[in-house]
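The values are calculated or read from the model by the stated rules, or taken from the named source; none is laboratory data. None of these values were measured; they are calculated from a predicted model. Positions of Cβ are generated from backbone atoms using ideal geometry, with glycine treated the same way; all protein chains shown enter the neighbour counts. Accessible surface is based on the protein model in full, side chains and every heavy atom, while ligands, DNA and RNA are left aside. Shrake-Rupley method; radii C 1.70, N 1.55, O 1.52, S 1.80 Å.
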Amino acid sequence: MDDESFDPAGRYELDPKVALRPEPFGALAYHYGSRRLTFLRSKLLADVVADLGRYESAGAALAERVPAPSRPAYQRALANLARSEFIREC
């Protein structure tokens, strides 16, 4: 999945094989299936990812939680997390 195939209108959730560990900088995300570790480098990104499944779309989560000027960067972060299977469409 590349940035173009990430659809912010789609509904996403944290993959059940992923554990988030809160950290002062944001969170560590560990994927038990792929055994990959990634850093979520802001508390806001960690919160959005943790709560993503509560929203009707990724775009709705970003619109509610992230200031407008920062949304493109957060959307790219979500696209990267989808590509690496830390979040998934539901």
Next item on the list: Can you tell me how much longer the chain between LYS43 and GLU64 gets when fully stretched, taken as 0.36 nm per residue apart minus their C-alpha distance, in nm with one decimal?
Entry: 6.0 nm
Check: Non-local amide H neighbours of SER42 (under 5 Å, H modeled in plane, Pro and chain starts lacking H): which ones?
Finding: ALA27
Margin query: What is the sum of charges, Lys and Arg at +1 and Asp and Glu at -1, for the other residues whose Cβ falls under 12 Å from the Cβ of SER57?
Written below: -3
Next item on the list: Run the quick spin-label model on SER34 and ALA19: label points 7 Å from Cα toward the beta carbon, then report their separation in nm to one decimal.
Entry: 1.8
Notebook entry, point to check: So how far apart, in nm, are the two label points at GLU56 and CYS90 if each is 7 Å from Cα heading toward Cβ?
Noted result: 1.7
Item checked: Accessible surface of the chain [probe 1.4 Å, protein heavy atoms]: carbon and sulfur percent -> 49
Margin query: In the chain, if the dipole is taken from +1 on Lys/Arg beta carbons and -1 on Asp/Glu beta carbons about the Cα centre, which of LEU78, LEU52, LEU28 is farthest to the positive end?
Written below: LEU28
Margin query: Full-extension gain between SER5 and ARG76, please, as 0.36 nm times their residue separation minus the C-alpha to C-alpha distance.
Written below: 24.4 nm
Margin query: Just to confirm, what accessible area per residue do you get for the chain at 1.4 Å probe, in whole Å²?
Written below: 59
